[in-house]
Amino acid sequence: MKTSTLGLSLLALLVATSASPAAPEGDKPARQDAPAKRDGDRRDDFLKQHPELRETLEKLKAMSPEERQAWLKEHPEIAAKIEKARAGLKERADNLTPEQKEKLKEKLKERGENLSPEQKEKLREKMKERLEKMTPEEKAEFLKNHPELKEKLEGDKK
């Protein structure tokens, strides 16, 4: 595999993981022999060996969402890998136990409370946009699964 193809593959995975919600941590305790910071070390080492990828990552981080979307259209193989990674995350989330789902909800709620007012507004706008794109059936199913959002939406309409 060429370095550039390898780099684009890595880039796709990095974009997918940064754009996806974090997977919940299981109930299993960490292994005693496991290093404290595994993934970050490998990524840093890899990027030190491939400075051109570091530059590409920095460029992607600096892009606006619209520019990133245009870039992904120019690189459909990476977009496909990102979609595959998202589908895997969705599948894992669907297979969570009720206790794990509750833990994840609490963690996401805590993250939401720690957002700045600008970030909260941006998230609110994104959710409104998603809801507007839903069919009435999808919207009803979504609100059935998230009754707390139904109250907030009704409050926003007033």
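Sorted from largest down, what three extents in whole angstroms do the Cα atoms of the range 40-158 have along their principal axes?
53, 33, 30
Which FRET efficiency value, to the nearest 0.05, do you get for Glu154 and Lys128 by plugging their Cβ-Cβ distance into 1/(1 + (r/R0)^6) with R0 = 22 Å? Display every interim value, and only then the final one.
Values: r = 13 Å, r/R0 = 0.60.
Using R0 = 22 Å, I get an efficiency of 0.95.
For the pair Ala87 and Glu52, what calculated FRET efficiency results from E = 1/(1 + (r/R0)^6), where r is the Cβ-Cβ distance and R0 = 25 Å, to the nearest 0.05?
Working: r = 29 Å, r/R0 = 1.16.
Efficiency for this residue pair is about 0.30.
Cross-link list Lys107/Lys128; Lys84/Lys150; Lys90/Lys150; Lys90/Lys133; Lys61/Lys81: which exceed 26 angstrom alpha carbon to alpha carbon?
On the way: Lys107/Lys128 22 Å; Lys84/Lys150 31 Å; Lys90/Lys150 23 Å; Lys90/Lys133 20 Å; Lys61/Lys81 18 Å.
Beyond 26 Å: Lys84/Lys150.
Using modelled amide H (1.01 Å from N, peptide plane; none on Pro or chain starts), what sits under 5 Å from the amide H of His75, excluding residues fewer than 5 places away?
Residues meeting the amide H criterion: none.
The numbers here are math on the coordinates, done by the rules we state, and not lab data. All values reported here derive from a predicted model rather than from experimental measurement. Positions of Cβ are backbone-derived with ideal geometry, glycine not excepted, and every protein chain shown enters the neighbour counts.
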